[in-house]
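One structure below.
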Ligand SMILES: Nc1ncnc2c1ncn2[C@@H]1O[C@H](COP(=O)(O)OP(=O)(O)O)[C@@H](O)[C@H]1O
Ligand SMILES: [Mg+2]
């Protein structure tokens, strides 16, 4: 049996570059070598693509890659002229470019099968604003929010925001992840710095009502129909105001993860149900992690969907499937298979239209 060659795409031009390297290292480590070969493809912080022997944080030590924009020929060529093909791409990229549909669009145009959500679902899920608007439309509960573009920044008024959303509230860059550009505002004195920080990373800022409650995550897998894991919980040490970048990746003591979360049956089933609805509404494919809040009155809010959740040692997505009896290795196999199946199924769709149009 010939093995499927999986291109592990990692790194990327994103504030989550380092997280992606850690995730990709695990994919490389746990992938089933009886079924798959791998080709690691690192994208440097400046956006240059390299073939690397292994997943390596020194991406630039690899061989620079060129892309041939021709779906019928080997697609990648290194600086020595060696050509290289992959059977399926696994973008293990978080944030800008990798998770927002840009690279998905590139792979689609090159006719390369790929694991995970396509262009549309990636870009709508990446935008915290568009995702919230779409979820609201489908009756999926989300927190109250306001949003402002950079050219409106001088019109943003603390008293207005406080009246609409109460205090504290959250200020976020609309299209980032890993809590970069996210602040909790407890009073007027924090407001400007929070806005400046968010606008530093984005041209649109979202301001949200603060939910005092538990942080719950649910892993969704598959397409027809998608399945939801049992939810897990992130218990952030109260010395942190919220689940910050440091709490996520730097301070090993900051959080306690509970899988499955301790929930009564009705909350648990509502969370699973809402997670699948959000996944479908946001056009997700193959896999995604849905992040929610549960307040003390039992209200559930979807906070966001991550179309390429982390696969680091402390990442919830693989942990939640492990709890359901799916090992890391089986999960990767399933994801690659889902990507391949979807690619085959999409061939059914006619790309040409025969007509008498002259051109
Ligand atoms: N509306 C909110 N109420 C309370 N806490 C929030 C709210 N929005 C975000 N947070 C906190 O900030 C963290 C990061 O925000 P999130 O929207 O998930 O951004 P990211 O994509 O960077 O993870 C959340 O995990 C949570 O701890
Ligand atoms: Mg989050």
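What follows is calculated from the coordinates using simple rules that are stated; it is not laboratory data. Please read these numbers as outputs of a predicted model, since none were measured by experiment. When we count neighbours, we look across all protein chains shown, and the Cβ atoms used for this are built from the backbone with ideal geometry, even at glycine.
Descriptive notes on the structure:
- Check on residue 200, part of a helix (DSSP H, G or I) and within 16 Å of ligand 2 (Cβ to nearest atom): no
- Verdict on residue 227 being surrounded by 18 or more Cβ atoms within 10 Å (Cβ to Cβ) and more than 14 Å from ligand 1 (Cβ to nearest atom): no
- The range 230-247, residues that are within 11 Å of ligand 1 (Cβ to nearest atom) and touching a helix residue (DSSP H, G or I) at 6+ places or on another chain (Cβ under 8 Å): 234, 236, 240
- Single match in 261, 219 (criterion: touching a strand residue (DSSP E or B) at 6+ places or on another chain (Cβ under 6 Å), touching a residue at least 40 places away in the same chain (Cβ under 8 Å), crowded, with 16+ Cβ neighbours inside 10 Å and closer than 18 Å to residue 305 by Cα): 219
- All of 125, 179 fail the test of being assigned to a helix (DSSP H, G or I), within 26 Å of residue 285 (Cα to Cα), under 20 Å from the mean Cα position of the chain (by Cα) and within 14 Å of ligand 2 (Cβ to nearest atom), apart from 125.
- Scope the range 2-27; condition touching a strand residue (DSSP E or B) at 6+ places or on another chain (Cβ under 7 Å) and either surrounded by fewer than 17 Cβ atoms within 10 Å (Cβ to Cβ) or in a loop (DSSP other than H, G, I, E, B) (or both); matching residues: 3, 5, 12, 13
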